[in-house]
Amino acid sequence: MELRQLRYLVAIAEEGGFTRAAERVRVAQPAVSQQIAQLERELGARLFDRSGRRVRLTAAGEAFLPCARATLAAADAGKDAVAALRGELAGQLTLGTIPCPPDSFIRQLGVYRRRHPKVRLTLRTGDPEALAADVASGALAAALIGVTADRLPAGPAGQRLRATLASADLGTEPLVLAVPPDHHLAEAGEASLPDLRHEPIVTLTPGTGLRSVLESACATAGFTPNVHAETDDLAVLADMVAHGLGVGVLPRSAARSRQELVTLPLHDAPHRSMTLIWNRDRTSALTQAFLQDHT
C-alpha cells in the first residue's frame, strides 16, 4: 500500500470520477486506474462502484476512506514537522469558506502566503454543513462558516457543531438590501424588513445560513418572505437581483460584488456571523500557523 494510492483514492472520492481525479493529481488517468485496481486487490474488496455516470464509493470504500485520509494527514504532518525544524513551512493547506467571504479573510490569506511562500493554498467554497463535515473528516484543515450559538443552520433548530471541532468567533457582517437601480426603493436611502412584506424576494435555497436567517428575521417582523426565486450560489443570487428577478437580502460583501446593484442598509436586519472551525485532533504545523493569525 502506497501513499500515492491513498491520494488517488481520496481524489476520486471527492471529484466523483477517475478523469477529474487524474487532472487534480496531475497523473494520466490509466495510471490512476491501475493504482486503484492494485489497491483493491491488496484489500480484497472493490472500493468504487463504476456502474453509473458518477463513480461512487462502495461500502468497503466508505469504510476505508477515513483511514486513508488519516494516513495522508499523518504523513503530511510528519513532513511539516521536519520542515518546521528547518524554520520553514511547506506543503498543502486546504481551507474552506462559505460563498463570498469578507475581504478581511481573503486579505489574511494573502498575509499568510507572503509569510510562508512555500505553502500551497487551496480555498474551497460550500455550505456550512458540508464544510463542517469536511473539517471533521480531515478533508479541510479549517473553514470559515456561519454559526449561531454553536449551531449550524441546517433544519428548523439547526445542529450543534461536532465535539471534535474547535471554533473561534471572527465577528459579523451586516446584511443589506440589494435592488436594481430602477427599483422603487433604490432612492430610499435605507429600508426595514417590513418594507419587504410584499416584495418578490430572491434568496438561497432552504437549509443555508442566509435563508434561515432571512426566514427567522421576517417571522420576527410578522410576515413570511415572498420567495419568487432561489439558488444555491450567492454570486448567482446577486446576478438574479441585478436582472430584476426580485430583491435580495445579502451580506454586504456579496452585494458589492455587483456594481450595478443599489445597496440599502437594513436597520432591523440581522448580521451574518463568521466562525472559523478546525479539528482539534488534527492540527498540522501549517494549520497552527494559520490559526495564530485568527485566534
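State yes or no: is GLY91 in contact (Cβ under 8 Å) with a residue 60 or more places away in the chain and at positive phi? So that I can check it myself, show each step before the final result.
On the way: in contact (Cβ under 8 Å) with a residue 60 or more places away in the chain: yes; at positive phi: yes.
Yes, satisfied.
In the set LEU39, LEU6, which member is aliphatic (A, V, I, L, M), closer than 16 Å to GLN92 by Cβ and out of contact with any Cys (no Cβ under 7 Å at 6 or more places or on another chain)? Only one candidate qualifies: LEU6. Within the stretch 64-80, work out how many residues are farther than 17 Å from LEU286 by Cα and free of Cβ contacts under 8 Å to residues at least 40 places away in the same chain. Total meeting the criteria: 1.
For the subset of the stretch 78-104 comprising residues that are surrounded by fewer than 17 Cβ atoms within 10 Å (Cβ to Cβ) and in a helix (DSSP H, G or I), which member is farthest from the chain's Cα centre (by Cα)?
From the stretch 78-104, those surrounded by fewer than 17 Cβ atoms within 10 Å (Cβ to Cβ) are 78-79, 81-82, 84-88, 91-92, 103-104; that's our starting set.
Restricting the remaining residues to those that are in a helix (DSSP H, G or I) gives 78-79, 81-82, 84-85, 103-104.
On the way: GLY78: 26, LYS79: 26, ALA81: 27, VAL82: 30, ALA84: 28, LEU85: 32, ASP103: 16, SER104: 16 Å.
Selected residue: LEU85.
Residue-by-condition table, conditions (1) touching a residue at least 12 places away in the same chain (Cβ under 8 Å); (2) of a type in the set (Gly, Ala, Ser); (3) under 28 Å from SER284 (Cβ atoms):
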residue: VAL27; (1), (2), (3): yes, no, yes
residue: PRO30; (1), (2), (3): no, no, no
residue: ARG46; (1), (2), (3): yes, no, no
residue: GLY52; (1), (2), (3): no, yes, no
residue: VAL55; (1), (2), (3): yes, no, no
residue: ALA59; (1), (2), (3): no, yes, no
residue: GLU62; (1), (2), (3): no, no, yes
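Collect the residues in the stretch 28-51 that are acidic (Asp, Glu) and either crowded, with 18+ Cβ neighbours inside 10 Å or assigned to a helix (DSSP H, G or I) (or both), keeping them in residue-number order. Listed by number, the residues that qualify are GLU40, GLU42. Evaluate the following for LEU144: is it at pLDDT below 80, closer than 30 Å to ALA285 by Cβ, in contact with a helix residue (DSSP H, G or I) (Cβ under 6 Å, 6 or more places away or on another chain) and of a type outside the set (Phe, Trp, Tyr)? So LEU144 fails the test.
Among the residues of the stretch 91-114, not a single one is of a type outside the set (A, V, I, L, M), at pLDDT below 90 and over 30 Å from GLY146 (Cβ atoms).
For the condition farther than 30 Å from GLU199 by Cα, at pLDDT below 85 and surrounded by 18 or more Cβ atoms within 10 Å (Cβ to Cβ), what is the one hit in LEU131, LEU161, LEU152, LEU165? Step through it out loud before you land on a result.
On the way: LEU131 fails: at pLDDT below 85; LEU152 fails: farther than 30 Å from GLU199 by Cα; LEU165 fails: at pLDDT below 85.
The conditions single out LEU161.
Counting the residues of the stretch 1-27 that are surrounded by fewer than 16 Cβ atoms within 10 Å (Cβ to Cβ) and charged (D, E, K, R) gives 6. Say we look at the stretch 105-124 and pick out the residues that are of a type outside the set (Val, Ile, Thr), touching a residue at least 40 places away in the same chain (Cβ under 8 Å) and not in a loop (DSSP other than H, G, I, E, B); which of these is surrounded by the fewest Cβ atoms within 10 Å (Cβ to Cβ)? Among residues in the stretch 105-124 that are of a type outside the set (Val, Ile, Thr), touching a residue at least 40 places away in the same chain (Cβ under 8 Å) and not in a loop (DSSP other than H, G, I, E, B), the one surrounded by the fewest Cβ atoms within 10 Å (Cβ to Cβ) is ARG115. The condition of being touching a strand residue (DSSP E or B) at 6+ places or on another chain (Cβ under 7 Å) and of a type in the set (Ser, Thr, Tyr) holds for only one of THR231, THR208, that being THR231.
Taken over the stretch 191-220, the residue count meeting the criterion of being within 23 Å of ASP239 (Cβ to Cβ) and hydroxyl-bearing (Ser, Thr, Tyr) is 4.
The values are calculated or read from the model by the stated rules, or taken from the named source; none is laboratory data. Bear in mind the structure is a predicted one, so any value in this text is a computation, not a measurement. Backbone-built Cβ (ideal geometry, glycine too); neighbour counts: all protein chains shown.
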